[in-house]
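Computed from the coordinates by the stated procedures, all read-outs in this text should not be read as laboratory data. Bear in mind that the values here come from a model prediction, so they are computed numbers and not experimental data. Cβ sites come from the backbone with ideal geometry, for glycine too, and all protein chains shown count toward neighbours.
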Amino acid sequence: MPGGGSWLDLLANDASADDLEAHRQAAQETAGSAAERDAVDVDARRALHLRALLTERRQRTAELGALLDLARRLSGFRDVDALLQEIVTQARRLLSVDVAYLALVEPGGDLRIRVTDGTIGDGLRGTVLSASVGIAGRVAMTGEPFRTPDYVAEPDIEHKPQIDSIATREGLRAIAGVPLRAGDTMRGVLFASERERRDFTDAEVSLLSSLGAHAAIAIENARLFEELLDANAQLRQQHDTTQRAVALHESLTRVVLEGGSADDILRALADVVPGNMRLLSPGDDGAATHNGEGHRTTVPVTAGDDVLGSLVAVTDQPPSPAEVRLLERSALTLALVLLSDRTVAEAQSRTRSELLAALLAGAPSPDDVARLRASGVDVRKPLCIAVIEPAPDVRGRAVLDHVGDVGLTAEHDGVVVCVAAGETATVAADVEKRVGSIDATAVVTAPTTGAPGLAAAYVEARQGLGLLRALGRAGSVVTIDELGPFRFLFGPAGVDDANRFVERTIGPLLAYDAGRHSDLILTLELYLDHAQQHAASAAALGIHANTLYQRLGRISELLGDDWRARALEVHLAIRLHRLSSQLVG
């Protein structure tokens, strides 16, 4: 052979294809005959083929080396999510593709894309792939790799428009998918994809399949490791829960034996279940004080069928089942303490009831007056009477639980009575705030002094309750002044008479207004309020004097020309109508 050595020498020195071609041309020039030139071409073809085989085997050896190195790396991962991300990153690198992604089988049988590498956005991540259609379905059902140079145009798979649109938005064309199998169990599919048309070779699919086989084993190992960690964590948690339960039991027992309060129980509970602990009264959901931060858990505090309140725990994380049991155990102890407190309160309530009865009788003994003063009620100073009637389905006990610390409070003759110092409006606002959630009805009197005055105020407030019931205003909290002087007319016995008086006096006017959506009643009311002065009345109504004359003419047609002689009666009927409308509304 001419300069450059033999074909074998060139191949041994890793000659390039150009070097082999140069050698062929040199040999052709020195060949003496056509047969020798043909022999040179045969040798050149053999050398090129041998070089291609050597190159392919060197590449295969390099890939296998890289694959073994990758398998060793994957086996060292203990976090499943990190492992999945490493798998797609290495798949993309090994096959030099634009995108790689991995889908795992869900409990329902479909596959969900868990991780991606090289995607433009997050459109692929989280996508659910059917186990019966598409490349994922084909690989999952057959357990064999599948490849296509152009996914959207691929005729050998069943397409799903939603998945096709995602692939189109991501620009994916060539896709190869290989199974992730652990033993006989299909765990998922590993994908490699190109944004241009590409024919994946058998060697590339084989390489991706080998990576998938190693990846499946690594995923299984990482999952087993996580399960082992979870088992160890559960054992530690069980031990911790047992210790916490023992500590809580000792604390709760100590609170009960030492006569502790509900607050002591909440503090003991917060020591073993970190968070904000509160005890709410029945009917209070705590919405006004909850700021929305943390996880809220509510446990009822009950004794038989009697709801005493609710234990609310606001924690950073949702409590574990064991912590919920600790909350429930604490709720039982709270019920015991609350029942004990109720027994003491009921004994005190009987004393308060006796004092209140003596006061409302109008002639308390000097000893009663002294006891009242000791309880904070000095009859020599101005005091308001608040009479509270619970709703039909609410017991008086519930009312006492809400307003028990407002002055002297006790049940008396079917209602709850509060004797409290302060302005009428202030006491009424306090009562309304406390009983608004239980739909109670209440009347608060003006401040008065002395036992006789307080007894009379109580009678007046009871009459006010009757007025509210008669007008359908149950559930309202009002002051006695809000009922006005007409409260005497609107008691249960007088309401029908008052309605008949209104109808007889201004009924035609009311019917006219109702039928024509006019307001002649307002015109007449302001006219009478302004002592029948035309100019002042027109100004108050915001109308021209001629308009007022026209309206007064219409009023005369409806009520008769003698209505001016009955102006006081008409005015009173209008006031009664207004009061009735306001109270009922």
Exercise. Which order do the peptides 26-32, 276-282 take when ranked by the mean count of other beta-carbon atoms within 10 Å per residue, highest first?
Key: 276-282, 26-32
Quiz item: Quick one, what does Rg over Rh come out to for the range 76-226 if you take C-alpha atoms and the Kirkwood Rh?
Solution: 0.93
Exercise. Any chance you could check the Cα centroid distance between the range 407-463 and the range 177-216 for me, in angstrom?
Key: 82 Å
Self-check item: chymotrypsin sites (Phe, Trp or Tyr not before Pro) within the range 504-557, DSSP loop, no more than 15 other Cβ atoms inside 10 Å
Solution: none
Quiz item: For Ala303, which sequence-distant residues (separation of 5 or more, or a different chain) have an amide H within less than 5 Å of its own amide H, given hydrogens modelled in the peptide plane?
Solution: Leu308
Quiz prompt | Mean shadow area of the range 361-483 over all directions, Cα convex hull, nm² | solution = 6.8 nm²
Self-check item: Förster radius 22 Å - calculated FRET efficiency between Gln25 and Leu50, Cβ distance, rounded to 0.05
Solution: 0.75
Quiz item: Looking at the range 495-584 from every direction and averaging, what is the projected area of its Cα convex hull in nm²?
Solution: 5.8 nm²
Quiz item: Mind ordering 191-197, 375-381 by average Cβ neighbours within 10 Å, highest first?
Solution: 191-197, 375-381
